[in-house]
Amino acid sequence: QVQLVESGGGLVQVGESLTLSCINSGTALDNYFWGWFRQAPGKERELVAAFAWRGARLYADSVKDRFTIATDSARSTYYLQMNNLKPEDTAVYYCAADRSVPAMKSGNAEYWGQGTQVTVSS
């Protein structure tokens, strides 16, 4: 039903910007939550940002005012616009989807992409 593929990762310098894309080749389920997670080496996976198509948005405190979720009108792609990147943003970023906010917050989403590496160099 949902198939997620991320792209857009890469190597950037501190303070630069990067935009990640998540393409859903399946169904854009209205009652699901969609979002971005990241996992740095030796650290637990954390929820970075999430949204619902009806408009709700949430962001981790560590990325508020720097990262923004954007969506396309066809609901086939959503983006993570990352500004003022810091070395601590270095991680593999995953897009994910689940019908439950608690599942998203706990990192137990139903659907996952394969991940894309973001490296911020100082």
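The values are calculated or read from the model by the stated rules, or taken from the named source; none is laboratory data. Keep in mind the model is a prediction, meaning the values are calculated, not measured. Cβ atoms come from the backbone with ideal geometry, glycine included; neighbour counts cover every protein chain shown. Ligands, DNA and RNA are stripped out before the accessible areas are found, and what is left, the full protein with its side chains, is counted by its heavy atoms. Shrake-Rupley method; radii C 1.70, N 1.55, O 1.52, S 1.80 Å.
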Filter result for the condition that a residue is closer than 16 Å to residue 18 by Cα and of a type in the set (Asp, Glu), over 65, 72: 65
Test: residue in the stretch 40-51 that is β-branched (Val, Ile, Thr) and in a loop (DSSP other than H, G, I, E, B): no
Counted residues, the stretch 24-58 - those being farther than 16 Å from residue 109 by Cβ and open to solvent by 60 Å² or more (accessible area, probe 1.4 Å): 7
Filter result (surrounded by fewer than 18 Cβ atoms within 10 Å (Cβ to Cβ) and touching a strand residue (DSSP E or B) at 6+ places or on another chain (Cβ under 9 Å)) within the stretch 93-102: 99, 100, 101
Candidate set from the stretch 59-71 (those that are in a loop (DSSP other than H, G, I, E, B) and of a type outside the set (Ser, Thr, Tyr)); member that is least open to solvent (accessible area, probe 1.4 Å): 63
Single residue of 74, 109 found to be of a type in the set (Gly, Ala, Ser), in a loop (DSSP other than H, G, I, E, B) and open to solvent by 30 Å² or more (accessible area, probe 1.4 Å): 74
Hits in the stretch 82-92 (condition: among the polar types (S, T, N, Q) and either surrounded by 15 or more Cβ atoms within 10 Å (Cβ to Cβ) or within 13 Å of residue 23 (Cβ to Cβ) (or both)): 90
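Conditions (1) outside any loop (DSSP other than H, G, I, E, B); (2) β-branched (Val, Ile, Thr); (3) out of contact with any Ser or Thr (no Cβ under 9 Å at 6 or more places or on another chain); (4) touching a residue at least 24 places away in the same chain (Cβ under 8 Å), marked per residue:
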{"position": "6", "(1), (2), (3), (4)": "yes, no, no, yes"}
{"position": "15", "(1), (2), (3), (4)": "no, no, yes, yes"}
{"position": "21", "(1), (2), (3), (4)": "yes, no, no, yes"}
{"position": "54", "(1), (2), (3), (4)": "no, no, yes, yes"}
{"position": "93", "(1), (2), (3), (4)": "yes, no, no, yes"}
{"position": "97", "(1), (2), (3), (4)": "yes, no, yes, yes"}
